[in-house]
Amino acid sequence: MRYDILTIFPEFFESPFSFGIFKKAQDNGLIDIKTHDIREYSSDKHKTVDDTPYGGGGGMLMKIDPIGSAVEDVKDESGKSIVVLTTPDGEKFSDKTARELAGFDQIVIICGRYEGVDERIREMYVDREISIGDYVLSGGENAASVIVESVSRFIPGVLGNDLSPENDSFNQSLLEYPQYTRPEEFKGEKVPQVLLSGNHKEIDEWRKKESIKRTFTKRPDLLDKAILSTDEIELIKELKETSSPSFKAYIALIHYPVYNNRFKIINTAFTNLDVHDIARSAVTYGVKTFYLVQPNLEQQKLVNRVLTHWTQGEGASFNKSRSEALNLVELRNTLEDVVEEIEEVEGEKPVTIVTDARSVDNMIGFSELRELIFSEAKKPYLILLGTGWGLAREIMESADYTLKPVSGYTNYNHLSVRSAAAVILDRLFSCKI
Ligand SMILES: C[S@@+](CC[C@H](N)C(=O)[O-])C[C@H]1O[C@@H](n2cnc3c(N)ncnc32)[C@H](O)[C@@H]1O
């Protein structure tokens, strides 16, 4: 593999690859790292590589002509070559990208500086734009060395043992299992017995289990891509019982006060289907209680008949999982009653979050709210779902947060409340598998 790094600071690369396995890999001819000073390709006598952006704004931009000439000069058109631009708005660099890049004969890496590069560089010279993370560095040099280092690990012979990268984290979308070396005991902390047993089958099984466990607790998002056996899925079911993050989520479906289609405050009727479906979603995603706020006495009688049928009557023995879901439902007269009850149970008022198909200013996004709920797991959170044409203004305005509306890649977002509830709960509480 040949790397050609285009930079205005070639000296940056003097040390990172001058020792350890990378020095060895270069000495053995497995990788060849060349740096090229972009200034050398500037046509003016001051060796200028940057200029002010058209349209104004702060900072300088890297000009197209020196970078363009450098790419044209170093790119080997005869082999399998790729030009990479390091940029914070590129695709997020990953183990998968590194494996793909390892399949090329030459990687030309452009290191930006200042405010970045003239847009035409991307259009005319770049095959792939790569970011090493959601933060901004002053230049692409660190990103280039991250790319060179991780790609090289996939080049046969570089690690000295071709199997090594296959045991590392991210292989098969799992994190690596815990590893230990001598001493066998340190300040009372012992190495797991199985690793000392010499039984390789048991060691392999233990490692796979630990790898899944570590991924489940630290990076559950990776599990979605992992190829798992049914036994491993069973293990994840056990982990859900023992190692799930703790959070206190409540939901309430509000039948009063809500709007009708002429924006008058009304009391909506109970909908059997909504209660069944939202209750099932609520159990699935670990909601503690699903409240129905319904002050109308006739409606309350109806709700109670349905709930009693499924939780105590014939329905309870006929369909146990339905009974489990409907056992989560509690009927209350007002939202204030719900808030008071949660405060009594949890020892503090719940943080309230309202949901609506319409947008207002300063809404919170799903990932931000998920992070908040998981990071402040001791606090109770109450998510309010509207019926009719949506929650009354007084409820909207008194809430702590308004959640962004659920939406896809179209501008249609008229979902039933039970569909919206399922999507909201999935985005907030999914374990990602
Ligand atoms: C100060 S940054 C330019 C940031 C640019 N104005 C923006 O907001 O997207 C200068 C250069 O550093 C490199 N760089 C900065 N952050 C990076 C990241 N997260 N991943 C890869 N390259 C990065 C790029 O080469 C970029 O052109």
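A few points about this structure:
- Violating pairs (Cα-Cα greater than 31 angstrom) within the set 45/96; 187/237; 24/92; 404/432: 45/96; 187/237
- Each residue of region 420-430 was assigned a 3J(HN,Hα) from its phi angle through the Karplus expression (A = 6.51, B = -1.76, C = 1.60, θ = phi - 60°), giving 4, 4, 5, 5, 4, 5, 5, 5, 8, 10, 5 Hz with x at Gly and Pro.
- A straight line joining the Cα centroids of region 360-433 and region 44-81 runs 46 Å.
- 0 to 90° range, to nearest 10: angle between helix 297-311 axis and the chain longest Cα axis: 70 degrees
- Computed over the alpha-carbon atoms, region 2-164 gives an Rg to Rh ratio of 0.97, Rh here being the Kirkwood radius from the mean inverse distance.
- Rounded to the nearest 5, the antiparallel percentage of DSSP beta bridges internal to the chain is 15%.
- Sequence-distant aspartates and glutamates (8 or more away, or on other chains) whose Cα lies within less than 20 Å of residue 201: 166, 168, 176, 210, 231, 232, 234
- In this rough spin-label picture, where each label sits 7 Å from Cα along the Cβ direction, the residue 264-residue 60 distance is 6.9 nm.
- Comparing Cα centroids, region 119-162 and region 280-313 end up 55 angstrom apart.
- Share, in percent, of DSSP beta bridges within region 2-164 that are antiparallel, nearest 5: 10 percent
- Rel. contact order, % - alpha carbon contacts under 8 angstrom, at least six apart, region 20-84: 23 percent
- Helix 272-284 axis versus longest C-alpha principal axis of the chain: approximately 50°, rounded to the nearest ten.
- Helical mean residue ellipticity (222 nm; -39500 (n - 2.57) per DSSP H run of 4+; nearest 500) of the chain: -11000 deg cm²/dmol
- Debye log10 I(q)/I(0) for the chain, one point scatterer per Cα, at q = 0.07, 0.10, 0.11 Å⁻¹: -0.57, -0.92, -1.00
- Net +/- balance of residues flanking residue 374 in space, Cβ distance below 14 Å, scoring K and R +1, D and E -1: +4
- Given 23/80; 209/288; 34/80, the pairs whose alpha carbons are separated by over 28 Å: 209/288
- Close amide H partners of residue 289, meaning residues 5 or more places away or on another chain with modelled amide H under 5 Å apart, are 251.
- On Cα atoms only, tilt of 141-152 relative to the major axis of the chain in degrees: 90 degrees
- In Hz, Karplus ³J(HN,Hα) per residue of region 72-86 (6.51, -1.76, 1.60; θ = phi - 60°; x = Gly, Pro): 4, 6, 8, 5, 8, 6, 7, x, 8, 10, 9, 9, 10, 9, 7
Read the figures in this text as sums done on the coordinates, not as results from a lab. Values in this document were obtained by computation on a predicted structure and should not be read as measured data. Here the Cβ is made from the backbone with ideal geometry for all residues, glycine too, and neighbour counts use every protein chain on show.
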